[in-house]
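First up is the structure itself, then whatever we jot down about it.
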Amino acid sequence: MFLSVFEMFKVGIGPSSSHTMGPMVAAARFLDRMRASPFHVAGLRASLHGSLAFTGVGHATDRATILGLAGFTPESYDADRAETALRDIAQTHLIRADGLPPLRFNPKTDLVFDYDTALPGHANGMMLMATDAQGDVTLREVYYSIGGGFVMTQAELDAGKDTDEGAPVPFPFKTAAEMLEMAQMSGKTIAQMKRANEESRGGADSLRSGSKRLWQVMNDCINRGLETEGTLPGGLNVQRRAKKIHDALLAERGLNQQAPHTINDWMSVYAMAVNEENAAGGQVVTAPTNGAAGVMPATLRYYLDHVPGASENRIEDFLLTAAAIGGLVKFNASISGAEAGCQAEVGSAAAMSAAGLCAVMGGTPEQVENAAEIALEHHLGMTCDPVRGLVQVPCIERNGLGAIKAVSAASLALRGDGTHLVPLDACIETMRQTGADMSAKYKETSLGGLAVNVPNC
């Protein structure tokens, strides 16, 4: 099983990797199918199902689907061009995409939120259809946005999770137990094994430049969030808080009365800055999802800015270690809030971040695995219940607490020798089972929890 660091961490846009990026990616794939189809196409239709329907408006799923059909992609997204395209489509009822004729599409009638029909493969399902001049469907495809911006068709989902068909990698671990066994036999760290896998596919230069870009986007996102004030979109009137908190923390630096636990506020404010940017539709890195995008940048920024002896040369090791853990979670359980609740998003992000921090602070593979297990274990059962379907409440603060847990987990693991009772594999399997048993009300549908107990208008 091989999942590249650049698949686990993608540069994209907010507010959701599953509900915004995924549908946009699916629409782009459908454009390619239409371009390759022998049938003449004259129009488009789309239907959103399950969680994509229930929280689609709050997650901008409708906008993302339309923009994807118009040729927009998360990596090259331009907000001004997108707004122009949406206005044009609303006025003309035509979608224009490269390599295809103008296609009839009325956003009010051709994009349907189907709250009643669940698609069988995943809670985040959507159907895209092409029609001929008479309005008859000539091409149809079902897509599932399975978390973290990953998209699969029904056929791909039926074929199984492990769809990697590339050349074998040097260290093909599918479980944490295999990972530790390979580390012991090879004498390599988790980051070194993951680096060998990456370089066997993409080369050292690609890994180096790509990792540098990932951190640049993460750090830029933190800085934008720390500098921006205002009200977040969506109607909840949630005020951005990161700038005010950051300004206060800067003013307090060096004062004798500063409490030791203030360091928690630094971790939280870095994460909140990212998730406020995400909620506003800004550029983020899925880590492993948009809803959990603040945990890892906050943990890494904490390491660089607050840990004595920290070095930017270790950023790649942090990302590689985190990606290795994230791959185990995705392969053996889920990183999708719609599939397993927020334990699969912030819980996974905290486990990945704890592992990365433990690694760059000198942890052994056994300590790294222990750090990931501690962080994930203490997110088990966490629900996904965003108020009004917006990635704001409780998501923004939750990322801050996820970063604090990640740092605490890494610290606890470093105090031990890696020996512990609950293996990471058992914790991942518990998360999967818990997600399967969890009521759909608590899995990103906004039908339970805080979403129905907090006044949201």
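The values are calculated or read from the model by the stated rules, or taken from the named source; none is laboratory data. On a predicted model such as this, the values are computed, not experimentally measured, just so you know. Glycine gets a Cβ as well: all are built from the backbone with ideal geometry, and neighbour counts include every protein chain shown.
Please specify each residue of the range 414-436 satisfying the condition of being surrounded by fewer than 15 Cβ atoms within 10 Å (Cβ to Cβ) and more than 18 Å from residue 380 (Cα to Cα).
415, 416, 417, 419
Taking residue 253 as meeting all but one of (1) buried (at least 24 other Cβ atoms within 10 Å of the Cβ); (2) more than 23 Å from residue 347 (Cα to Cα), write down the number of the exception.
Every listed condition holds for residue 253 apart from (1).
What are the residues in the range 403-421 that are among the β-branched types (Val, Ile, Thr), touching a helix residue (DSSP H, G or I) at 6+ places or on another chain (Cβ under 6 Å) and outside any helix (DSSP H, G or I), if any?
If the condition is that a residue be among the β-branched types (Val, Ile, Thr), touching a helix residue (DSSP H, G or I) at 6+ places or on another chain (Cβ under 6 Å) and outside any helix (DSSP H, G or I), then no residue fits.
Looking at 334, 348, 353, which one is buried (at least 20 other Cβ atoms within 10 Å of the Cβ), of a type in the set (S, T, N, Q) and not in a helix (DSSP H, G or I)?
Result of the check over 334, 348, 353: 334.
Return yes when residue 310 is in contact (Cβ under 8 Å) with a residue 40 or more places away in the chain, surrounded by 20 or more Cβ atoms within 10 Å (Cβ to Cβ) and among the small types (Gly, Ala, Ser) and no when it is not.
no
Suppose we filter 411, 439 for residues that are surrounded by fewer than 20 Cβ atoms within 10 Å (Cβ to Cβ), without any contact (Cβ under 8 Å) to a residue 40 or more places away in the chain and farther than 26 Å from residue 270 by Cα; which single one remains?
439
Consider residue 117 carefully, then state whether it is farther than 30 Å from residue 287 by Cα, surrounded by fewer than 16 Cβ atoms within 10 Å (Cβ to Cβ) and without any contact (Cβ under 8 Å) to a residue 24 or more places away in the chain.
No: the conditions fail for residue 117.
Would you check if there is a residue in the range 250-264 being free of Cβ contacts under 8 Å to residues at least 24 places away in the same chain, in contact with a helix residue (DSSP H, G or I) (Cβ under 6 Å, 6 or more places away or on another chain) and not aromatic (Phe, Trp, Tyr)?
Within the range 250-264, one or more residues are free of Cβ contacts under 8 Å to residues at least 24 places away in the same chain, in contact with a helix residue (DSSP H, G or I) (Cβ under 6 Å, 6 or more places away or on another chain) and not aromatic (Phe, Trp, Tyr).
Quick one: which helices (runs of 4 or more DSSP H) lie wholly within the range 1-81 and hold at least 1 residues that are more than 30 Å from residue 176 (Cα to Cα) and either modelled with pLDDT of 90 or more or within 18 Å of the chain's Cα centre (by Cα) (or both)?
Those helices (runs of 4 or more DSSP H) span 22-36, 51-54, 61-69.
Any chance the range 101-112 includes a residue that's part of a strand (DSSP E or B), under 29 Å from the mean Cα position of the chain (by Cα), closer than 26 Å to residue 156 by Cα and at pLDDT 95 or above?
Scanning the range 101-112, I find at least one residue that is part of a strand (DSSP E or B), under 29 Å from the mean Cα position of the chain (by Cα), closer than 26 Å to residue 156 by Cα and at pLDDT 95 or above, so the answer is yes.
Just to check your reading of the model, which residue among 69, 31, 3 is outside the structural domain of residue 82 (by TED's automatic domain parsing) and either of a type in the set (D, E, K, R) or over 28 Å from residue 451 (Cβ atoms) (or both)?
3
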